[in-house]
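Data block below; observations after.
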Amino acid sequence: MAIGELLLEKGIITDEQLKRVLQQQKIAGGRLGDNLVALGFISRQDLEAILQEPPPVAKNVADTGLEGNFLLNCLLRTMYISALQTIPELSEQIKLTRGVVEELLNFAKKEALVEIRGPSEKNYNIMRYALTNAGKERASEALRRCEYIGPVPIPLETFQIQVQKQTITNEVISVEKLQKALSHLVLSEDVVRRLGPASNSGRAMLIYGSAGNGKTSIAEAIVNAFEQPVYIPYAIEADGQIIKIYDPSVHVMFPTSREIDSDSHPMFLPQLEHDPRWVRCKRPYIISGGELTLEMLDLDFDPHSKYYEAPLQMKAIGGIFVIDDFGRQRVRPHELLNRWIFPLERKVDYLTLHTGKKFALLFDQLVIFATNFPPEELMDPAQLRRVHYKMKINPPTVDEFKEIFQRICDSYGLEFSEEIIAYLLNSFYIKHKIPFAGFHPKFIAEHVIAACNYLGTPAQISRQLLVDSLENMVILPNSPTPD
């Protein structure tokens, strides 16, 4: 369901207004929300309020969006495996409200699947529930079909609606936000200026250039420019199958309102209650390098547990997915790009269940390809056309190199001197025709620190230690001398 259909369902706009704004979007382009505001169908404030609404709490079985027997099987599996017996314990485990758990238990009791075993030892006002023999048989059968235990999944359609609401293109990255996110890097004004539109577009970006000049660092920094929270489900249900999405190694919980300085972040409102089947997170950030394969972009079905792990691009929905060292993957670049031609163009991906059933999934993420190969060696013209933003990162200039070196020395507690810079320029870069690289100062500083620690001397850059670090950094026909 698109944002326009969501607003239509809520009665915010009429069917005629939706048709008109879609026509306007075809002519003028841009975001649907921006066109709605421009036509006066909704205020910017009201639109933002709707888009930032958290997933509503399911107050009864019907509100969960899932079929009753599916929910009951989830509950019985949990009781059978975990041996939890009280409503509060079960509610915490499967992330449904106590009212929904009680509703399910009442139904199970009528079906003679559970029975009350008396009050809890800790609280006599709380009853204990246990599986009957019939309940154990039903739970065993449910486990044979699927061994998933944990938070009850979200229906696929509900997930798609939430993805639309929190799409990465709904958050506008201002000049100030981007400059702040990139402030720890030394970049030309031209690069920063071009990164802004690319970051806001939600379209694929290619960052290329010689190795060691900050391509990956730029990609990592961009994610820090995004400040809005997103809601990530623990798992979703598609055609009766369960797919795990939430991954603690990828999804970082968003700080609550109490953890945020309201003076420095006045835009943040107090945290609202939301369906506990979702986790309030920062926009996800995934980086994959040479280990990437096409199989990692497909659903991973475990034939023993009989549920799925979401592919990387699914975990990155609403965030940033970096393909680092593009061209060095175990999969050929053309094969990877051919797999993603439709998602990059239409923002929709198609995944296949082991049953053969296919379903569409919104491809909502900023994809960044970072490489030190020439783009024409990796992509044909049709593939290049689908990567809307292409940015070459050149080696630093002399002034930029000096600033990087100064910052590195400051961070490592080393004395920065013009004498060292002059020696580097004349005896290394100019003499041996070595191009500058952004990683050189950090490399030198780390080697100097390691050598000083070994020698037991104060950390200081000497010519000899500088020469030693240079010999480790690059292979030269004739080694530089400290004289």
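The values are calculated or read from the model by the stated rules, or taken from the named source; none is laboratory data. On a predicted model such as this, the values are computed, not experimentally measured, just so you know. Here Cβ is always computed from backbone atoms with ideal geometry, including for glycine, and neighbour counts include all displayed protein chains. Heavy atoms of the whole protein, side chains included, go into the accessibility calculation; ligands, DNA and RNA do not. Shrake-Rupley method; radii C 1.70, N 1.55, O 1.52, S 1.80 Å.
Being of a type in the set (Val, Ile, Thr) and open to solvent by less than 50 Å² (accessible area, probe 1.4 Å) is the filter here, so list the residues in the stretch 142-156 that pass it. Matches in the stretch 142-156: 152, 154. Only one entry of 147, 92, 115 meets the criterion of being in contact with a His (Cβ under 8 Å, 6 or more places away or on another chain) and farther than 30 Å from residue 22 by Cα, and that entry is 147.
Taken together, the residues in the stretch 332-348 that are over 21 Å from residue 366 (Cβ atoms) and touching a residue at least 12 places away in the same chain (Cβ under 8 Å) amount to 2. From the list 108, 130, 112, 139, the one residue that fits, being surrounded by fewer than 18 Cβ atoms within 10 Å (Cβ to Cβ) and outside any loop (DSSP other than H, G, I, E, B), is 130. For the stretch 1-40, a residue qualifies if it is within 30 Å of residue 155 (Cα to Cα) and outside any helix (DSSP H, G or I), and the qualifying residues are 1, 2, 10, 11, 12, 13, 14, 30, 31. Filtered by the rule that a residue be closer than 30 Å to residue 236 by Cα, assigned to a loop (DSSP other than H, G, I, E, B) and at pLDDT below 90, the stretch 41-56 gives 52, 53. Based on this model, can you work out whether residue 434 counts as under 23 Å from residue 396 (Cα atoms) and at pLDDT 90 or above? Spelling it out, it is not the case that residue 434 is under 23 Å from residue 396 (Cα atoms) and at pLDDT 90 or above. Of the residues screened, residue 101 is one that is within 39 Å of the chain's Cα centre (by Cα), in contact (Cβ under 8 Å) with a residue 12 or more places away in the chain and under 29 Å from residue 301 (Cα atoms).
Residue count for the stretch 332-371, restricted to those that are part of a loop (DSSP other than H, G, I, E, B) and open to solvent by 60 Å² or more (accessible area, probe 1.4 Å): 4.
When the residues of the stretch 459-474 are filtered to those that are more than 13 Å from residue 423 (Cα to Cα) and assigned to a helix (DSSP H, G or I), the one that is least open to solvent (accessible area, probe 1.4 Å) is 469. Considering the stretch 57-81, the residues that are assigned to a loop (DSSP other than H, G, I, E, B) and of a type in the set (Gly, Ala, Ser) include one that is least open to solvent (accessible area, probe 1.4 Å), namely 58. Contact map, the stretch 67-85: residues that are under 18 Å from residue 116 (Cα atoms) paired with residues that are of a type in the set (Lys, Arg), Cβ distance under 6 Å, separation 6+ or inter-chain. Pairs shown: 76/138; 85/128. What's the total number of residues in the stretch 197-226 that are aliphatic (A, V, I, L, M), over 22 Å from residue 337 (Cβ atoms) and not in a loop (DSSP other than H, G, I, E, B)? Of the residues in the stretch 197-226, 2 are aliphatic (A, V, I, L, M), over 22 Å from residue 337 (Cβ atoms) and not in a loop (DSSP other than H, G, I, E, B).
In the stretch 390-420, of all residues being closer than 23 Å to residue 207 by Cβ, touching a residue at least 40 places away in the same chain (Cβ under 8 Å) and open to solvent by less than 60 Å² (accessible area, probe 1.4 Å), the one that is nearest to the chain's Cα centre (by Cα) corresponds to 391. Checking each residue in the stretch 430-473 for being free of Cβ contacts under 8 Å to residues at least 12 places away in the same chain and hydrophobic (A, V, I, L, M, F, W, C) picks out 430, 450, 455.
Pairs meeting the criteria (first residue in the stretch 182-206 and over 14 Å from residue 223 (Cα atoms) and of a type outside the set (S, T, N, Q), second residue part of a loop (DSSP other than H, G, I, E, B) and open to solvent by 30 Å² or more (accessible area, probe 1.4 Å), beta carbons under 6 Å, at least 6 apart or on different chains) are 203/388. Return yes or no: is residue 239 among the charged types (D, E, K, R), open to solvent by 40 Å² or more (accessible area, probe 1.4 Å), over 16 Å from the mean Cα position of the chain (by Cα) and closer than 30 Å to residue 302 by Cα? Answer is yes for this residue.
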